[in-house]
Amino acid sequence: MIATLHPRPESETVTRPGEPLEVLLNRAVRAAPTVEVPVGDAAVFDAAMRVITEHGVRAVTMDHVAAESGVSRATLFRRFESKDHLLQGALTYEVTRFLDEMGRALNDLPTVSERVTEALMTCLRMSSHPLFSDGSDESNRTGLLRAITIGDPSPLELGHAFVAGRIAAAQASGELPPGDSDLQADVLIRVVLGYTLVPQSTIDITDDETLRAIAVSALVPILYPRSQ
């Protein structure tokens with residue numbers, strides 16, 4: 001069932017200066033597959049993401065978002081009830097866009113190798129997202145790591161199950177050779193997280209052709225183990 005993207009805060013008591021990034025992002029990752037964005041909210045969420053990038057989640061105020069979006073503070077409170085409510089919605093919107101892009105990468109290409117390459121490129125592009133790039137609050141990267149590892153199951157565990165399931169299905173259909181899908185998924189996810197959380201590199205990972213080369217030469221071969 002698809003819910004409207006106005007998730008209620010887990011508590012009606014809103015802390016000041018607000019929930020940390022890892023809490024809001026964890027909720028966003030869990031909510032993203034089951035929500036849709038109400039018409040008119042996208043522009044507010046885009047503005048909120050720009051403000052989060054500039055100020056960090058804990059320092060953002062409704063006044064910041066109002067000034068950036070051109071929507072009055074009173075209107076924002078009528079629509080979102082609290083700062084945490086709005087920021088969680090913005091993060092959920094961002095995660096949903098990422099998942100949509102990932103879905104297109106997985107569904108629109110004809111071969112497993114091409115799908116894996118495009119999906120990995122999509123993930124690696126996250127390392128240059130304003131939330132995690134060098135110019136943002138450095139604590140955001142730590143917050144991202146905490147966000148994906150808390151919960152039972154955690155977003156990381158859910159992601160692992162999804163990737164391992166796709167690999168296992170491709171192996172069962174003959175598109176991929178037999179292999180340990182759980183181990184392969186674990187390695188792929190950890191490599192991608194490494195680039196996302198530690199983007200500084202002698203390799204230009206902001207360039208699509210470079211990302212494609214990384215995926216093709218270093219990551220896709222993980223799915224094609226050598227014969228013993």
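The values are calculated or read from the model by the stated rules, or taken from the named source; none is laboratory data. Every value quoted in this text rests on a predicted model; they were computed, and no experiment measured them. As a convention, Cβ positions derive from the backbone with ideal geometry for all residues, glycine included, and neighbour counts pool all protein chains shown.
Of all the numbered requirements in (1) at pLDDT below 85; (2) surrounded by fewer than 14 Cβ atoms within 10 Å (Cβ to Cβ); (3) aliphatic (A, V, I, L, M), residue 218 misses one, and that requirement is (1).
The criterion of at least 3 residues that are modelled with pLDDT of 80 or more and under 12 Å from residue 90 (Cα atoms) is met by the following helices (runs of 4 or more DSSP H) wholly inside region 7-75: 42-55. Scanning region 183-224 for residues that are part of a loop (DSSP other than H, G, I, E, B) and farther than 25 Å from residue 165 by Cβ gives 198, 199, 200, 201, 202, 203, 204, 205, 206, 207. Residue 138 falls short on exactly one of the conditions (1) modelled with pLDDT of 75 or more; (2) under 16 Å from residue 52 (Cβ atoms); (3) of a type in the set (Asp, Glu), and that condition is (1). Looking only at residues in region 186-198 that are more than 19 Å from residue 107 (Cβ to Cβ) and of a type outside the set (Val, Ile, Thr), the one that is surrounded by the fewest Cβ atoms within 10 Å (Cβ to Cβ) is 190. On the basis of being without any contact (Cβ under 8 Å) to a residue 12 or more places away in the chain and assigned by TED's automatic domain parsing to the domain that holds residue 189, does residue 115 make the cut? So residue 115 fits the description; yes. When residue 90 is tested against the conditions (1) in contact with a helix residue (DSSP H, G or I) (Cβ under 6 Å, 6 or more places away or on another chain); (2) surrounded by fewer than 19 Cβ atoms within 10 Å (Cβ to Cβ); (3) not basic (Lys, Arg), the lone failure is (2).
Among 212, 146, which is the only one that is assigned by TED's automatic domain parsing to the domain that holds residue 115 and either buried (at least 18 other Cβ atoms within 10 Å of the Cβ) or over 28 Å from residue 19 (Cβ atoms) (or both)? Break it down into steps so the answer makes sense when it comes.
Numbers: 146 fails: either buried (at least 18 other Cβ atoms within 10 Å of the Cβ) or over 28 Å from residue 19 (Cβ atoms) (or both).
Unique residue meeting the criteria: 212.
For region 154-177, indicate whether the set of residues that are at pLDDT below 80, assigned to a loop (DSSP other than H, G, I, E, B) and either outside the structural domain of residue 60 (by TED's automatic domain parsing) or touching a Lys or Arg at 6+ places or on another chain (Cβ under 6 Å) (or both) is non-empty. Scanning region 154-177, I find no residue that is at pLDDT below 80, assigned to a loop (DSSP other than H, G, I, E, B) and either outside the structural domain of residue 60 (by TED's automatic domain parsing) or touching a Lys or Arg at 6+ places or on another chain (Cβ under 6 Å) (or both), so the answer is no.
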